[in-house]
Each structure stands twice: as structure tokens, then as C-alpha cells.
1. Out of the strands (runs of 3 or more DSSP E) lying entirely within the stretch 88-141, which hold 2 or more residues that are over 15 Å from the mean Cα position of the chain (by Cα) and modelled with pLDDT of 90 or more?
2. Report whether or not ILE79 is under 17 Å from ASN137 (Cα atoms), under 12 Å from the mean Cα position of the chain (by Cα) and aliphatic (A, V, I, L, M).
3. For the stretch 58-79, enumerate the residues that are closer than 18 Å to GLY105 by Cα and either in a strand (DSSP E or B) or among the hydrophobic types (A, V, I, L, M, F, W, C) (or both).
4. Would you mind stating whether HIS90 is open to solvent by 50 Å² or more (accessible area, probe 1.4 Å), touching a His at 6+ places or on another chain (Cβ under 8 Å) and touching a residue at least 40 places away in the same chain (Cβ under 8 Å)?
5. Being surrounded by fewer than 20 Cβ atoms within 10 Å (Cβ to Cβ), part of a strand (DSSP E or B) and not polar (S, T, N, Q) is the requirement here; does VAL85 meet it?
6. When you check THR25 against the structure, is it modelled with pLDDT under 95, within 23 Å of GLY105 (Cβ to Cβ) and open to solvent by 50 Å² or more (accessible area, probe 1.4 Å), yes or no?
7. Inspect the stretch 48-58 for any residue being open to solvent by 10 Å² or more (accessible area, probe 1.4 Å) and acidic (Asp, Glu) and give the result as yes or no.
8. For the stretch 59-74: of the residues being open to solvent by less than 10 Å² (accessible area, probe 1.4 Å) and out of contact with any Asp or Glu (no Cβ under 9 Å at 6 or more places or on another chain), which is farthest from GLY16 (Cα to Cα)?
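The values are calculated or read from the model by the stated rules, or taken from the named source; none is laboratory data. In this text, all values refer to a predicted model and were calculated from it rather than measured experimentally. Don't worry about glycine lacking a Cβ; one is built from the backbone with ideal geometry, like all the others, and counts go over all protein chains shown. What goes into the accessible areas is simple: the full protein's heavy atoms, side chains included, and nothing from ligands, DNA or RNA. Shrake-Rupley method; radii C 1.70, N 1.55, O 1.52, S 1.80 Å.
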Amino acid sequence: KDLDNNWINKTELTAGNYNGEFAKTFGHLHTGGKDETYFVKSGTGIIVMQSENEFLLKKITAGEKYIIPHQYEHCLVNIGNENFVTFDDHDNPQADYKIVGEKHGLAYYIINDLGVPKIIPNPNYNNPPEPKWLTANEFAS
């Protein structure tokens, strides 16, 4: 818990892509009923959140802080040219990786299309909700 400003965990995603997909964390759902707060230390990325009825994306950069409601499956994606470093406050080890693992990711993949993020559907989902990019105000509410 002695990370910068008493954050509990640090995540560092290297820049680059793998088979065309930007580097990302393994998507998961927190089952303990606790929201998770992230702080972006450096880099540029996308926070991806999904529920049964929503697929939400928000571009995030160094200095931003955001909360992921516990009912959303989520992952982080590094879309920048440098490492994407975040800290979070999640101290409850209850996370379900099986849901996302069985479908080989969240409902959409974020691929590198000549340096620009492009969203393509994951074929393992039937009728996923349309992706929605959030504004800063929508994300904060």
C-alpha cells in the first residue's frame, strides 16, 4: 500500500500491439461489490467497461482519476507510444476472469489501425450493445 499516494496496486502496460490489438489488461469483473478507483500516472489509454446492456469507452491520460462501478466488466488498453501506468485502490481479491476468458475478451476488440484505435466486434458475443464513447462529464457522473 506504499505506492504513490497510498494506492494499492500498480499496472503498467507496454506500448505496442499484439496481432494488431493494442496491449491491454485481461478483462474481469469484481465480485465483491466494491467500486474501483484508478489514477493514471503516465501514458494514454482507454478504459473499457461493459455490462449486459452497455459497452462504454473513455480515452484517459496522465493525471486523470476515474471510478469503475463494480457491476462492470472492465479492462485497460494502452493506445499510446509509451508505457501506460495506472494505480488503483482495489484491495479485494474477488475478481471473476472466467466470464471474459470464455469469450476471449470483452464484446469488442480495440485494434491498431495505422496508429488509430478501431473498435471491432468480438465474434464470441451475440448481439452486443453498441459501443459508446463517453465524454469527461458522462464518465464522471
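1. Those strands (runs of 3 or more DSSP E) span 108-113, 116-121.
2. No.
3. Those that are closer than 18 Å to GLY105 by Cα and either in a strand (DSSP E or B) or among the hydrophobic types (A, V, I, L, M, F, W, C) (or both): LYS58, ILE68, GLU73, HIS74, CYS75, LEU76, VAL77, ASN78, ILE79.
4. no
5. Details: surrounded by fewer than 20 Cβ atoms within 10 Å (Cβ to Cβ): yes; part of a strand (DSSP E or B): yes; not polar (S, T, N, Q): yes.
So VAL85 fits the description; yes.
6. On the way: modelled with pLDDT under 95: yes; within 23 Å of GLY105 (Cβ to Cβ): yes; open to solvent by 50 Å² or more (accessible area, probe 1.4 Å): no.
It is false that THR25 is modelled with pLDDT under 95, within 23 Å of GLY105 (Cβ to Cβ) and open to solvent by 50 Å² or more (accessible area, probe 1.4 Å).
7. So far as the stretch 48-58 goes, yes, one or more of its residues are open to solvent by 10 Å² or more (accessible area, probe 1.4 Å) and acidic (Asp, Glu).
8. TYR66
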